[in-house]
Amino acid sequence: MQEFYFDNSATTRPYPEVVEQISKVAGENYGNPSAMHEKGLEAEKIVKEARRRIAAFFRNREKEITFTSGGTEANNLAIKGAALRNRQRGNHLVTSEVEHPSVLNCFRYLEQIGFEVTYLPVNEKGLVNHDRLKDLISDKTILVSIMHVNNEIGTIQPLEKIGPLIKKKNPGALFHVDAVQSFTRLPMAINDWQVDLVSCSAHKIHGPRGAGCLWIREGTLLQPLLHGGGQENELRPGTENVPAIAGFGLAARLTGENYRKKTTPPGNLKLAFYRKLQHCGVEVYVNGPPPEDSAEHILNISFPGLPSEMFLHALEERGIYVSAGSACHSRRPEPSHILQALKLGKDRLESALRFSFSCYNNEQETEAAAEITAEVAKELKSIVN
């Protein structure tokens, strides 16, 4: 049976070159990067090269890249680190209702220890209200965290408007962006965004699990969450995961190159998939922005009357792998907090599936998968009814 993998927002298949690189480094360059002997220097050189490759997306300042174990740790370091280090300047924090759990749960923790947090609502497209944000920011606001691309519905927040708005109202407020779903796919316009902190992850860009980074604008002060040696500018102590870091650096370079070539953009596949479903006569609704106005690799759609869990497993039996929401909470019975924030009706909430595309998908398999999805929808419709 042919396999159709359309769950690339959850994780991606690593490039063969990345797998080879990780294996080579793990087997040959196993020295501790902090050691002063040749093996240590070899490992340090590999980490520096990966840092250089990541920094190429962030104005080429290698010292502003801090490696972490992934996007979750990067978000924790950015949010908790910024709030705790700058608490003497204020106690107010702002984020949105549609952030990733690794962001929202940081803010919930900070609320428990005395911080005041405002959660911005969004409109039906998942966009935050700029006027509401402007009204919220005061001289007590020390941190605002807004994601770039939403991991479930693909909304692209206009950070080039949000960042300057924050800084104009309070120049001292730090601005953090979760760019896990946009890094290498969209430009990291950090100066236009006037951003201070950006989180990234390797396994969303065909790299390994267990690697990520936090870009920290020079001069931004954070409180470390861990204490130990002086690795990663004393912000992330512990011996570096050299194989994973090497794989992250290579994956960033390759994904950036693939998106610049645009041979078969995921956006073309997404639109083709959605239009094929419509052509097959399936009742389907897009959740969030229209397909042409959202991130080109994410499509969240509802099939009214067809429970998402039932649909997901029926598709899996036909070799199609998708998600009923974020993989970080998709095994929980309650509807996605992101879709709830859009104020969708119960029928849409309970029948939502996310299809997410990558360079490993092609036009032929996308059309075939859409036809199978339409067939399964009609079969389930007859059973449910």
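Worth pointing out:
- Residue among Gly228, Gly325 that is in a loop (DSSP other than H, G, I, E, B), at pLDDT below 95, small (Gly, Ala, Ser) and not assigned by TED's automatic domain parsing to the domain that holds Glu363: Gly228
- When Arg217, Arg185, Arg253, Arg275 are checked against the criterion of being among the basic types (Lys, Arg) and touching an Asp or Glu at 6+ places or on another chain (Cβ under 6 Å), a single residue qualifies: Arg217.
- Residues in the range 20-44 that are within 28 Å of Asp178 (Cα to Cα) and free of Cβ contacts under 8 Å to residues at least 60 places away in the same chain: Glu44 only.
- Just one residue in the set Leu225, Leu235 is touching a residue at least 40 places away in the same chain (Cβ under 8 Å), surrounded by fewer than 22 Cβ atoms within 10 Å (Cβ to Cβ) and more than 28 Å from Thr255 (Cα to Cα); that residue is Leu225.
- A single member of Gly172, Gly219, Gly210, Gly163 is touching a Ser or Thr at 6+ places or on another chain (Cβ under 6 Å) and not assigned by TED's automatic domain parsing to the domain that holds Ser358, and it is Gly210.
Residue by residue, here is whether (1) more than 19 Å from the chain's Cα centre (by Cα); (2) assigned to a helix (DSSP H, G or I); (3) buried (at least 20 other Cβ atoms within 10 Å of the Cβ) holds:
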residue: Ser9; (1), (2), (3): no, no, yes
residue: Thr12; (1), (2), (3): no, no, yes
residue: Gln21; (1), (2), (3): yes, yes, yes
residue: Lys24; (1), (2), (3): yes, yes, no
residue: Gly31; (1), (2), (3): yes, no, no
residue: Glu44; (1), (2), (3): yes, yes, no
residue: Ile54; (1), (2), (3): no, yes, yes
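- Subset tally (residues that are small (Gly, Ala, Ser), over 21 Å from Pro290 (Cβ atoms) and either part of a loop (DSSP other than H, G, I, E, B) or out of contact with any Ser or Thr (no Cβ under 8 Å at 6 or more places or on another chain) (or both)) for the range 137-160: 1
- Yes/no for Asn75 being surrounded by fewer than 20 Cβ atoms within 10 Å (Cβ to Cβ), in a helix (DSSP H, G or I) and within 21 Å of the chain's Cα centre (by Cα): no
- Pair list, Cβ < 9 Å and 6+ apart or interchain, from the range 373-384 residues that are surrounded by fewer than 19 Cβ atoms within 10 Å (Cβ to Cβ) and modelled with pLDDT under 95 to residues that are charged (D, E, K, R) and outside any helix (DSSP H, G or I): Lys381/Glu283
The values are calculated or read from the model by the stated rules, or taken from the named source; none is laboratory data. Keep in mind that what you see is a predicted model, and the values were worked out from it rather than measured. Positions of Cβ are generated from backbone atoms using ideal geometry, with glycine treated the same way; all protein chains shown enter the neighbour counts.
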